[in-house]
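Heads up, the thing below is written out as structure tokens.
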Amino acid sequence: MSSTTIDSEDGKKLLGEKLGTTKGNIDQRSKQEEYSKEFASTLGIQDVYTVKGYDKDFRIMTYLENDDGTSYPQFYDCLNGITVKNGADIFGKLNIKGNIIL
């Protein structure tokens, strides 16, 4: 889970292609084989999306929208195999250029 936070409206703008829906099947009693099932999670049931501007192998997101109109975007980053050697890697791989708001 990424520590990146974003408000609901901006999160909605980043929704890409729907990849699937989490199963909400993991808890402290889960067996190891439960972890390898596609979309296994501890999140409950939420839709999973690509994030516009990012490679889906690096960053995906969930977007939970409640009946009352509140929503909760949450990002998940896969840092396995990502190497940062220079500034170009930071700005390119992390999609920072043009996306910083002060």
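Things to note:
- Residue of Gly16, Gly24, Gly81 that the Gaussian network model of the chain assigns the largest fluctuation, springs spanning Cα pairs under 10 Å: Gly81
- One chain, two ends: Ile82 and Gln28. Fully extended at 0.36 nm per residue, the span grows by 16.5 nm beyond their Cα-Cα distance.
- Sequence-distant residues sharing a close amide H with Val48 (under 5 Å, placed H): Leu19, Gly20, Thr21, Thr22
- Taking Leu15, Leu79 and counting other C-beta atoms within 10 Å, the order from fewest to most: Leu79, Leu15
- Listed cross-link partners Lys12/Lys97; Lys37/Lys85; Lys13/Lys97 are compared with a 27 Å cut-off, the Cα-Cα value being larger for Lys37/Lys85.
- Quarter of the Cα convex hull surface for the stretch 8-93, i.e. its orientation-mean projected area (nm²): 7.1
- Dividing the helix sum by the residues of the chain, where each DSSP H run of 4 or more adds -39500 (n - 2.57), gives a mean residue ellipticity at 222 nm of -3500 deg cm²/dmol.
- For Met61, Met1, the sequence from fewest to most other C-beta atoms within 10 Å is Met1, Met61.
Every read-out reported here was derived from the displayed coordinates using simple, explicitly stated rules and does not represent laboratory data. Since this is a predicted model, take the numbers as computed values, not measurements. Note: ideal-geometry Cβ built from the backbone for every residue, glycine included; neighbour counts use all protein chains shown.
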